[in-house]
Amino acid sequence: MGSIKTAISLEKPLFEQIEALAKEMEISRSRLFGMAAKDFLERYKNRKLLEAINDAYCDMPSDEESELFAEMLDRHSDMVKEQ
């Protein structure tokens, strides 16, 4: 997989923290930025997936629909008993 160079602007205190962390971890700044971006993207995708799952489960029947369903079950149960 190829690499692409890019330029970004950072506030000096943030740059200094990144520089110090890269030295502590004994990796390049580029590697640190790549790791951070990959982690951010994974968390973003996971959050989007969780939102989609929550939206799917949020589609619960209304009270009226629940009552109708209960009536249908009762009628079905009566029909089965009669047979």
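Every read-out reported here was derived from the displayed coordinates using simple, explicitly stated rules and does not represent laboratory data. Not measured: the values here are computed from a predicted model. We place every Cβ from the backbone using ideal geometry, glycine too, and count neighbours over all the protein chains shown.
Between S66 and Y44, how high is the FRET efficiency from 1/(1 + (r/R0)^6) when r is the Cβ-Cβ distance and R₀ = 41 Å? Nearest 0.05.
Using R0 = 41 Å, I get an efficiency of 0.70.
Take the eigenvalues of the Cα gyration tensor for segment 25-71, scale each by 5, and report the square roots as semi-axes in whole Å, largest first.
47, 6, 4
Which value at 222 nm does the chain reach when only helices count, each DSSP H run of 4 or more adding -39,500 (n - 2.57), with the total divided by all residues and rounded to the nearest 500 deg cm²/dmol?
Details: 3 runs with 63 residues, N = 83.
Mean residue ellipticity, 222 nm, calculated: -26500 deg cm²/dmol.
Q17 versus A36, label points 7 Å from Cα toward the beta carbon: distance in nm?
Label-label distance for Q17 and A36, simple model: 0.8 nm.
Highest mean first, what order results for 58-65, 25-32 on Cβ atoms within 10 Å?
25-32, 58-65
Please report, in Å, the Rg and the Dmax of the chain, where both are computed over Cα atoms only.
27.7, 81
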